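Asks: This structure is in structure tokens; I'll ask about it shortly.
Each reported figure results from applying straightforward, stated rules to the coordinates on display, with no laboratory input. Note that the structure is predicted; figures quoted are calculated from it, not measured. Don't worry about glycine lacking a Cβ; one is built from the backbone with ideal geometry, like all the others, and counts go over all protein chains shown.
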């Protein structure tokens, strides 16, 4: 069975803030998009695995986001929750081409 890869333009790098996440919707997928201090862009599922907090509203620190509901810390590279908490969110591949940000599904 062959999987189809879909590349969807969601924003530009210039429209992203280093301090604030951005919520994007691609079909049924609600995604939190973040620009890190090193300029790279990360995309993860927009719901915390704990109580469903909206991660795009969380605070960013280095390569992690803190859930605004209960302060769970989630790694933006692999989606894993930092210990002692446990859980994981889906991560999405991001491509930046000529300042345009694409999410790969």
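Asks: Debye sum, Cα scatterers, segment 7-104, no solvent: what log₁₀ I/I(0) at q = 0.11, 0.24 1/Å?
Replies: Computed log10 I(q)/I(0) values: -0.27, -1.27.
Asks: List the extent of the Cα atoms of segment 50-105 along each of their three principal axes, largest first, rounded to whole Å.
Replies: 38, 20, 17
Asks: Using a Gaussian network for the chain with springs between C-alpha atoms less than 10 Å apart, which of these wobbles most: 38, 78, 46?
Replies: 38
Asks: Assuming 0.36 nm per residue, please report the length gained on full extension of the stretch residue 12 to residue 97 beyond their Cα-Cα distance.
Replies: Between residue 12 and residue 97, full extension yields 29.7 nm more.
Asks: What list do you get for 5, 65 if you sort them by fewest beta carbons within 10 Å?
Replies: Listed from fewest to most nearby Cβ atoms, that is 5, 65.
Asks: Then there is this: Mind jotting down the distance between the C-alpha centroids of segment 45-90 and segment 6-25, whole Å?
Replies: For segment 6-25 versus segment 45-90, the Cα centre distance is 18 Å.
Asks: Work out, step by step, the length gained on full extension between residue 40 and residue 73: first 0.36 nm times the residue separation, then minus their alpha carbon distance; give nm to one decimal.
Replies: Taking residue 40 through residue 73 to full extension adds about 10.0 nm, to one decimal.
Asks: Hey, another quick one. Between 58, 21, 39, find the one with the highest GNM mean-square fluctuation for the chain; connect C-alpha pairs within less than 10 Å.
Replies: Residue with maximal mean-square fluctuation among 58, 21, 39: 39.
Asks: Sort 29, 102 so that the residue with the fewest other Cβ atoms within 10 Å of its own Cβ comes first and the one with the most comes last.
Replies: 29, 102
Asks: Same structure, new question: Under 8 Å for C-alpha pairs, at least 6 residues apart: give me the relative contact order for the chain, rounded to a whole percent.
Replies: Computed value for the chain: 27 percent relative contact order.
Asks: Using the count of nearby Cβ atoms within 10 Å as a rough guide to exposure, how do 22, 51, 73 rank from fewest to most?
Replies: 51, 73, 22
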